[in-house]
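Engineer: Quick one: this structure, given as structure tokens, is what I'll be asking you about.
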Amino acid sequence: MARVTRSYICQSCGAETRQFFGRCPSCGSWNALVEQAAPAADTRRRRPVPTPGAATVPAAARRSEPIQAVGERPLQRLCSGYGELDRVLGGGLVPGSLVLLGGDPGIGKSTLLLQSAQAMAGRHSVLYVSAEESAQQVKLRWRRLAEQQPAAPPPATAPIDRPVPGPGLQLLSETDLELVLQELEALRPAVAVIDSIQALHDADLGSAPGSVAQVRECAAALARIAKRQDTALLLVGHVTKEGMLAGPKVLEHLVDAVLTFEGDRFASHRLLRAVKNRFGATHELGVFEMRGQGLAEVLNPSELFLGGDAPSAGTATIVACEGTRPLVVELQALVSTTSYASPRRTATGIGTNRLHQILAVLEKHLGLPLSRFDCYLAVAGGLEVEEPAADLGVAAAVVASYRDLTLPPGTVLIGELGLGGQLRPVAQLELRLQEAARLKARRAVVPKGSGLSKGVAGLEIFECSTVAEAMVRALGAGASIHERDP
Ligand code: TYD
Ligand code: MG
């Protein structure tokens, strides 16, 4: 007699237990376990195990082959219609691949994929499955977007097929997985967009749409059909309050690429990043701007993150690197006498711990009494700068604000700060300097020993080994006065 087994699945991490717990034993989230009906029957095919001494396995049963003999197919890529999206995908969509696009609600995931679907529809057959919005809603948005004019000329490196009205875009407003699969099989499109995977529903499973079991099964069924008929699938995934992609981790393992679409709700630019990519590099960055008529590519993002023309006290310019893309970014610091027992330190766009560390280094090695001052730091344009190469820029902005000094126009600072006050070399220095020179920078303060073989045209480069030396180079002799206890 078949044993009735019950299992409970954690909705946040996907862990499976035989017993109900209020708190998931695996990830610790509360009230996340949901009962799941046992599968109807064990459908796994068992193969007879050959007994020792029996005849050898017939040659036809062998499926492996020497790696040298494996035929090579050149990786074909479909142009997604947007150079920025292609860049993040590693050069375009790969047929038969699954791409998961995650992001906060309202950030523009549906807009991006509808625009891209429309752009691809001129060349390939494209199916847009809207499981969240009605066909009427999608049509309204499509009409608005179709009126959009090309925002900027396409970049010289990646040819773009621009949105052209074409009959290739098919729309299906459906939440039932079975019907979506049938449509995919009937249409065999080159590209299909599923918006969103959490809204799809497999009637054979007892659980609610969006639950771990549903998401996993729907994605697996879609993946099978995509691989079988070489359809490139773009899945929209929701993000939880904590910023994680909702649904089990298994979804991230199942897909070939995970992209995140992020941005400041109050700023119009949106950043697209690859968190995982089986067909290209991760950490590549695509930049878009949300306009009244949809998303437009930003081909020259450094201009977005630069402040005004007139330099002011407490601002410094750095060159951050996102993947292989250098970004010239402006930092602003405000240092003012504290009226609290412990001074306030607030940083937007840079980790507060990093700011604390830089302030401690400045206090120790430049003798600035910063523990009596509040310090606020902001990255212009709402960009998150994680890499330590921004340290020197933060230090210069803080010192400039403290001393009420203005950095000479066209100065960029690149370098990591060691706890001993020394400057550490950073990666891709030459690339950063070229971007700075392109944006009319004239002076660059960089760490010594970065292996810079030749200069960069139009740029005066100062190589420094300590933060004190760098501050003098950047701000003049006035920056170096040691005043531990005035
Ligand atoms: P949407 O693509 O629906 O977001 P998501 O699918 O990630 O939830 O984007 C919705 C937001 O984008 C909405 O707040 C309005 C804004 N928007 C524009 O500013 N311009 C436009 O042309 C469109 C279509 C949307
Ligand atoms: Mg949406």
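The values are calculated or read from the model by the stated rules, or taken from the named source; none is laboratory data. Since this is a predicted model, take the numbers as computed values, not measurements. Cβ: placed from backbone, ideal geometry, glycine included. Neighbour counts: every protein chain shown. Keep in mind that these areas ignore ligands, DNA and RNA; they rest on the heavy atoms of the full protein, side chains included. Shrake-Rupley method; radii C 1.70, N 1.55, O 1.52, S 1.80 Å.
Engineer: Failed condition for residue 448, given (1) over 26 Å from residue 370 (Cα atoms); (2) out of contact with any strand residue (DSSP E or B) (no Cβ under 7 Å at 6 or more places or on another chain), with all others met?
Structural biologist: (2)
Engineer: Out of all the residues in segment 343-355, is one or more closer than 17 Å to residue 479 by Cα and over 21 Å from the mean Cα position of the chain (by Cα)?
Structural biologist: Scanning segment 343-355 turns up no residue that is closer than 17 Å to residue 479 by Cα and over 21 Å from the mean Cα position of the chain (by Cα).
Engineer: Mind listing whichever residues of segment 93-121 are more than 12 Å from ligand 1 (Cβ to nearest atom), within 21 Å of residue 224 (Cα to Cα) and open to solvent by less than 20 Å² (accessible area, probe 1.4 Å)?
Structural biologist: Once the filter is applied, which keeps residues that are more than 12 Å from ligand 1 (Cβ to nearest atom), within 21 Å of residue 224 (Cα to Cα) and open to solvent by less than 20 Å² (accessible area, probe 1.4 Å), segment 93-121 yields 93, 94, 96, 97, 98, 99, 100.
Engineer: Would it be correct to say that residue 180 is in the same structural domain as residue 264 (by TED's automatic domain parsing), more than 15 Å from ligand 2 (Cβ to nearest atom) and either at pLDDT 90 or above or assigned to a strand (DSSP E or B) (or both)?
Structural biologist: It is true that residue 180 is in the same structural domain as residue 264 (by TED's automatic domain parsing), more than 15 Å from ligand 2 (Cβ to nearest atom) and either at pLDDT 90 or above or assigned to a strand (DSSP E or B) (or both).
Engineer: Considering only residues that are modelled with pLDDT of 90 or more, of a type in the set (Gly, Ala, Ser) and either away from ligand 2 (no atom under 15 Å from the Cβ) or open to solvent by less than 10 Å² (accessible area, probe 1.4 Å) (or both), which ones fall in segment 122-135?
Structural biologist: 125, 130
Engineer: Can you report the number of residues in segment 419-445 which are touching a helix residue (DSSP H, G or I) at 6+ places or on another chain (Cβ under 7 Å) and of a type in the set (A, V, I, L, M)?
Structural biologist: So the count comes out to 6.
Engineer: Ok, one more. Could you list, in sequence order, the residues of segment 209-225 that are part of a loop (DSSP other than H, G, I, E, B) and in contact (Cβ under 8 Å) with a residue 40 or more places away in the chain?
Structural biologist: The one that is part of a loop (DSSP other than H, G, I, E, B) and in contact (Cβ under 8 Å) with a residue 40 or more places away in the chain: 211.
Residues checked against (1) open to solvent by 40 Å² or more (accessible area, probe 1.4 Å); (2) within 19 Å of residue 385 (Cα to Cα); (3) under 31 Å from the mean Cα position of the chain (by Cα):
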residue: 408; (1), (2), (3): yes, no, no
residue: 418; (1), (2), (3): no, yes, yes
residue: 421; (1), (2), (3): no, no, no
residue: 424; (1), (2), (3): yes, yes, yes
residue: 429; (1), (2), (3): no, yes, yes
residue: 437; (1), (2), (3): no, no, yes
residue: 450; (1), (2), (3): no, no, yes
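Engineer: Go through (1) among the small types (Gly, Ala, Ser); (2) within 12 Å of ligand 2 (Cβ to nearest atom); (3) out of contact with any Lys or Arg (no Cβ under 6 Å at 6 or more places or on another chain) and name the single condition residue 103 misses.
Structural biologist: (3)
Engineer: Got a sec? Which of 228, 216, 224 is away from ligand 1 (no atom under 16 Å from the Cβ), surrounded by 19 or more Cβ atoms within 10 Å (Cβ to Cβ) and basic (Lys, Arg)?
Structural biologist: After applying the criteria, what remains is 216.
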